[in-house]
Amino acid sequence: MHLAISLDIAAATGEAVLDFSWISKFVRQAEAVGVDMVAISDTADGPSSSPFEATTLLAALATVTNRIGLVAAASTVAHQPYNLARRFASLDIISHGRAGWNATMARSPREAANFSRPEGFYDTDFRRRGEEYIGIVQGLWQGWDADALLFDKTGGRFHDPGKMHLLDHRGEFFSVRGPLNVARSPQDTPVLVFSGLSEPDLDIAARIADVILLESGSVESAKVRYDDLKRRATAAGRDPDAVKVLTNISLAPDDSSATLADRLETQFRARSCDGFSIQLSQLSVFDDFINRVAPELRRRGLLRETYHGTTLRSHLGLAGGGEQ
């Protein structure tokens, strides 16, 4: 069972001020129980109570944690693809292969208005633009072969030109030459996460996502949706296990540990998901999860005892990073 924690830094989960000391303590607690990753939400669509930009926060969290995956939301409107690819590649190096990008697909007119697009986007244009954008980022991440950088001072060779690949992208919305001026990711590429998907987004996600976060529902409906996404991945020529489907689940403060563990076990054993992304309403719920629910899941053989590798891809059982 894969586990993620979704942290909305703009909604202070019961705290008056969500400062870095609290966030770092929270993430270290999640790491202590073996959570695969913490996903930090972010938006630039107007005023909020968020004290941080998410990728900046991830860089700081990487210095106070060792194993847990660190995922930040960043929209395709608020950043140029080259700068975003460079930022996440740098985060992956800083964190030694634990970074992920939640490529939010939701269209936000207020966000567009903050980035020189007061007219916003039509749905179809936004989707085509988003797919092109993500393809550019992935192409830039793959611009250096694993052994391309030589750093040979004696011979005066920084890299092997045959192992550097220009992207040279000229598309409908973007023109990007490449290559990225950051070394190859320790896990080959940062993990690509999708959330907030509408029906037309599902084919895109099945083709390119590493992790898909879906809203909760009945076990039966979740099973249908899970099987559908796996079929779409297979139709796109992928191993269906190459994409992990996690169900968003909100923890209620009045759930007993056994009741919640039963609920998670039922959904997981029904093969309706590969795990869960836990959305927190208040801090006491997370304390209960750490102290009561996680040990119960581990007792049932549903939660691993410890991390088996060092990269986020290794936690999720995804190819890459040399740890499979």
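The values are calculated or read from the model by the stated rules, or taken from the named source; none is laboratory data. What you see is a predicted model, and the numbers here were worked out from it, not measured in a lab. Reconstructed Cβ throughout: ideal geometry from the backbone, glycine too, with neighbour counts over all protein chains shown. Heads up: the accessible areas ignore ligands, DNA and RNA and are worked out on the full protein's heavy atoms, side chains in. Shrake-Rupley method; radii C 1.70, N 1.55, O 1.52, S 1.80 Å.
Somewhere in the stretch 231-244, is a residue open to solvent by 20 Å² or more (accessible area, probe 1.4 Å) and of a type in the set (Val, Ile, Thr)? Within the stretch 231-244, one or more residues are open to solvent by 20 Å² or more (accessible area, probe 1.4 Å) and of a type in the set (Val, Ile, Thr).
Quick check, is Ser175 in contact with a strand residue (DSSP E or B) (Cβ under 7 Å, 6 or more places away or on another chain), open to solvent by 50 Å² or more (accessible area, probe 1.4 Å) and under 22 Å from Thr76 (Cα atoms)?
Numbers: in contact with a strand residue (DSSP E or B) (Cβ under 7 Å, 6 or more places away or on another chain): yes; open to solvent by 50 Å² or more (accessible area, probe 1.4 Å): yes; under 22 Å from Thr76 (Cα atoms): yes.
Judged against the criteria, Ser175 is a match.
Before we move on, is Thr234 modelled with pLDDT of 95 or more and polar (S, T, N, Q)? Yes.
Results for (1) part of a helix (DSSP H, G or I); (2) open to solvent by 30 Å² or more (accessible area, probe 1.4 Å); (3) at pLDDT 95 or above; (4) over 17 Å from His315 (Cα atoms), shown as yes or no for each residue.
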{"site": "Asn66", "(1), (2), (3), (4)": "no, yes, yes, no"}
{"site": "Tyr82", "(1), (2), (3), (4)": "yes, yes, yes, yes"}
{"site": "Leu91", "(1), (2), (3), (4)": "yes, no, yes, yes"}
{"site": "His96", "(1), (2), (3), (4)": "no, yes, yes, no"}
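Taken as a whole, the condition of being within 22 Å of the chain's Cα centre (by Cα) and either open to solvent by 60 Å² or more (accessible area, probe 1.4 Å) or modelled with pLDDT under 90 (or both) applies to Leu251. Just so you know, in the stretch 209-230 the residues that are open to solvent by 20 Å² or more (accessible area, probe 1.4 Å) and of a type in the set (Gly, Ala, Ser) include one that is nearest to Gly317 (Cα to Cα), and it is Ser216.
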